[in-house]
1. Which condition does V51 not pass, out of (1) modelled with pLDDT under 90; (2) surrounded by 19 or more Cβ atoms within 10 Å (Cβ to Cβ); (3) assigned to a helix (DSSP H, G or I), if it passes all the others?
2. Mind checking which pairs have a first residue in the range 1-23 that is under 14 Å from R35 (Cα atoms) and a second that is at pLDDT 95 or above and aromatic (F, W, Y), Cβ under 7 Å, 6 or more apart or different chains?
3. Is there a residue in the range 34-48 that is out of contact with any Ser or Thr (no Cβ under 7 Å at 6 or more places or on another chain), surrounded by 15 or more Cβ atoms within 10 Å (Cβ to Cβ) and part of a loop (DSSP other than H, G, I, E, B)?
4. So in the range 120-132, with the set limited to residues that are in a loop (DSSP other than H, G, I, E, B) and over 13 Å from the mean Cα position of the chain (by Cα), which one is farthest from E40 (Cα to Cα)?
5. Please tell me if D72 is under 13 Å from the mean Cα position of the chain (by Cα) and of a type outside the set (G, A, S).
6. Which residue pairs have Cβ atoms closer than 6 Å, lie 6 or more positions apart in sequence or on different chains, and pair a first residue in the range 114-128 that is closer than 22 Å to L82 by Cα with a second residue that is part of a loop (DSSP other than H, G, I, E, B) and among the charged types (D, E, K, R)?
7. Take G84 and decide whether it is at positive phi, of a type outside the set (F, W, Y) and at pLDDT 90 or above.
8. Do you know which residues across the range 79-117 are in contact with a Ser or Thr (Cβ under 8 Å, 6 or more places away or on another chain) and assigned to a loop (DSSP other than H, G, I, E, B)?
Amino acid sequence: MTIRLRAHHLLCLLTWAGKGYSPAFTAGFTVIATRIAAGEAVMLVDGPDDVCAPMLDDPGCHCRGDSVARRDAQAARDLAALLGRPLSFGQRLVLDPATLARMRRAFAGGAIRTACAGCEWSGLCRDIADDGFARTVLPAPQPDRLRA
């Protein structure tokens, strides 16, 4: 099976430590992060994804909002530049340990965080990155892999 993920959730995944908007959102994102850690592929989607699913019936859900779409576009641009290839909807990605380490290095250095500007979770994510991603659901990389 493949996990449907929007671009900015690829960034959220890097620092996912089990804190979120609601218990259903938190439980769902934790399951998704665990599946990705086990090697399940990700398919890049436009708009609400498997992470958003528990929130879509909530009238206050921001998953379809313009600001979230802008975050997705910026995250896709940053990640495409980092990975050296364009990212498109429907594309499958395998977030193997080397790719995750590369993404986390760039995140920790601020290179792929422009989509995070104004996000209510950015302080938490910054602290997790500053701590070497030690509190995350995805296995924390070896410290030397973050510096390479």
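The values are calculated or read from the model by the stated rules, or taken from the named source; none is laboratory data. From a predicted model like this one, the values you see are computed outputs, not experimental measurements. Neighbour counts run over all protein chains shown; Cβ positions are idealised from the backbone, glycine included.
1. Result: V51 passes all but (3).
2. Correct list of pairs: L14/F107.
3. Within the range 34-48, one or more residues are out of contact with any Ser or Thr (no Cβ under 7 Å at 6 or more places or on another chain), surrounded by 15 or more Cβ atoms within 10 Å (Cβ to Cβ) and part of a loop (DSSP other than H, G, I, E, B).
4. Step one: filter the range 120-132 for residues in a loop (DSSP other than H, G, I, E, B), giving 120-121, 131-132.
Those left that are additionally over 13 Å from the mean Cα position of the chain (by Cα): 120, 131-132.
Numbers: E120: 28, D131: 26, G132: 23 Å.
Looking at residues that are in a loop (DSSP other than H, G, I, E, B) and over 13 Å from the mean Cα position of the chain (by Cα), I get E120.
5. So D72 fits the description; yes.
6. Pairs found: I128/R135.
7. Working: at positive phi: yes; of a type outside the set (F, W, Y): yes; at pLDDT 90 or above: yes.
The answer is yes for G84.
8. R113, the sole residue that qualifies.
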